[in-house]
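Q: This is the structure I want to talk about, given as structure tokens.
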Amino acid sequence: MAEESRRERKKRLVRRQLADAALRLFSERGYDRTTVAQIAAAADVATKTFFNHFRSKEDVLFADSGPRAPVPLEVLADRQPGETVADLLLRAYEAMVSDYLAEGVGRRDPEGMELFRRVIMSEPALQGRALQLGHELQREIADGLLRAFPDELDPISAAAAVGAMSGGAQAAALKSLELDQPPEEFWAALRRGVEIGLRGLSG
């Protein structure tokens, strides 16, 4: 069991090295002009090693984006007596963000997070991958919400509730990026977008 744990730690380290190298190269050279071989060389691993961890360079910046679903799903499965849909989703969101900030590749410091945001926003392929991951997560959270409220919600209502939360977060995040706000204001805007999505402007 200990040996398996060491292998997993080594695997996470290599993935993180590749992601950090990719982030730096994408920023310096541009996404299109950066090759998988260059990323592997910058991380001091073989190109084959890159493909042992990622299918393509689109995936490398999202090394620690999944699996994120277990974190909010654990919260949803632990619904407290009297907890509303909005309250439970907000608690799940807070748990997910805390986990994301603690573990996310390239986001362990304000400068790294800012660099990550700039790279993502400059490349449509990376934006598309981020949206795809977001949609997958939304489906899983909607399913978990439905399990938490089997008598109050149907599949459409659960999907709509999660969509409202995600839509508010996405719109607020995009506007914050457009305004070039610093990281602390970005996360505050994201939280406000979630609140408005769940409770409305008067919530």
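Q: If contacts are Cα pairs under 8 angstrom and at least 6 residues apart, what is the relative contact order of region 66-199 in percent? Could you put the intermediate results ahead of the total?
A: On the way: 121 pairs, mean separation 31.5, N = 134.
Relative contact order for region 66-199 comes out at 23 percent.
Q: Order the peptides 72-79, 131-138 from the highest to the lowest mean number of other Cβ atoms within 10 Å of their residues.
A: Working: 72-79: 18.2, 131-138: 14.5.
With the highest mean Cβ count within 10 Å placed first, the list reads 72-79, 131-138.
Q: Check each of the GluC sites (Glu not before Pro) in region 1-58 and keep only those in coil by DSSP with at most 11 other C-beta atoms within 10 angstrom; list them in order. Please list the in-between numbers first.
A: Working: sites: Glu3, Glu4, Glu8, Glu28, Glu58; in loops: none.
Answer by residue number: there is no such site.
Q: Express the carbon and sulfur contribution to the solvent-accessible surface of region 66-199 as a percent, rounded to the nearest whole number, probe 1.4 angstrom.
A: Values: 3990 of 6990 Å².
With neighbouring chains kept in place, the figure for region 66-199 is 57 percent.
Q: Now, a different point. Considering the dipole of the chain built from charges on the beta carbon (Lys and Arg +1, Asp and Glu -1) around the Cα centre, which of Gly163, Pro183, Leu201 is farthest to its positive end?
A: Pro183
Q: Between Ser27 and Gln80, what is the FRET efficiency for a Förster distance of 45 Å, r being their Cβ-Cβ separation, to the nearest 0.05? Could you put the intermediate results ahead of the total?
A: Details: r = 43 Å, r/R0 = 0.96.
Efficiency, from the Cβ-Cβ distance: 0.55.
Q: For the chain, report the accessible area per residue in Å² (1.4 Å probe, heavy atoms, rounded to an integer). Present the calculation step by step, with values, prior to reporting the outcome.
A: Numbers: 11300 Å² over 203 residues.
Here the per-residue accessible area is 56 Å².
Q: Please identify which residues in region 26-61 have an amide N closer than 11 Å to a label point set 7 Å out from the Cα of Arg118, following the Cα→Cβ vector.
A: The answer is 27-29.
Q: May I pose another question? Positive end of the charge dipole of the chain (Lys, Arg +1 and Asp, Glu -1 on Cβ, about the Cα centre): tell me which of Ser5, Leu90, Leu25 has its Cα farthest that way.
A: Leu25
Q: Using the crude model of +1 on Lys and Arg Cβ and -1 on Asp and Glu Cβ, and no other charge, please compute the dipole size for the chain relative to its Cα centre, in debye to 20.
A: Its charge dipole is roughly 800 debye.
Q: What ranking, highest mean first, results for peptides 83-94, 142-153, 44-55 when packing means the other Cβ atoms within 10 Å averaged over each residue? Walk me through the numbers before you get to the answer.
A: On the way: 83-94: 18.7, 142-153: 16.9, 44-55: 14.2.
Answer by packing, highest mean first, reads 83-94, 142-153, 44-55.
Q: 222 nm [θ] for the chain, helices only, -39500 (n - 2.57) per DSSP H run of 4+, per residue, to 500?
A: Numbers: 10 runs with 152 residues, N = 203.
Helices in the chain give a 222 nm mean residue ellipticity of -24500 deg cm²/dmol.
Q: Please list the three semi-axes, largest first and in whole Å, of the ellipsoid equivalent to the chain, using sqrt of 5 times the eigenvalues of its alpha carbon gyration tensor. Let's see the in-between values first.
A: Values: eigenvalues 212, 87, 39 Å².
Those come to 33, 21, 14 Å.
Q: With a point put 7 Å past each Cα toward its Cβ, work out how far Arg147 is from Lys175 in nm, to one decimal.
A: The two pseudo-label positions are separated by 3.5 nm.
Q: Also: Aspartates and glutamates within cross-link reach of Lys11: Cα-Cα under 18 Å, excluding same-chain residues under 8 positions apart?
A: Glu3, Asp20, Asp44, Asp59, Asp64, Glu103
Q: If you place +1 on the Cβ of every Lys and Arg, -1 on the Cβ of every Asp and Glu, and leave all else neutral, what size is the dipole of region 6-54 about its Cα centre, to the nearest 20 Debye? Provide the component values of the computation, followed by the final result.
A: Values: 12 positive and 5 negative charges, 83 e Å.
Magnitude of the dipole: close to 400 debye.
Q: Points 7 angstrom from Cα along the Cβ direction at Lys11 and Thr35: gap in nanometres?
A: So the two model labels end up 2.9 nm from each other.
Q: With the full set of protein chains in place, find how many percent of the accessible area of region 6-54 is carbon and sulfur; take the probe as 1.4 Å. Present the calculation step by step, with values, prior to reporting the outcome.
A: Working: 1420 of 3020 Å².
That share works out to 47 percent.
Q: Set the Förster radius R0 to 30 Å, insert the Cβ-Cβ distance between Ser157 and Ser56 as r into 1/(1 + (r/R0)^6), and round the FRET efficiency to 0.05. Display every interim value, and only then the final one.
A: Working: r = 36 Å, r/R0 = 1.21.
That pair, Ser157 with Ser56, gives E of 0.25.
The values are calculated or read from the model by the stated rules, or taken from the named source; none is laboratory data. Values in this document were obtained by computation on a predicted structure and should not be read as measured data. Every residue, glycine as well, gets a Cβ built from its backbone with ideal geometry; the counts of neighbours run over all protein chains shown. Accessible surface is based on the protein model in full, side chains and every heavy atom, while ligands, DNA and RNA are left aside. Shrake-Rupley method; radii C 1.70, N 1.55, O 1.52, S 1.80 Å.
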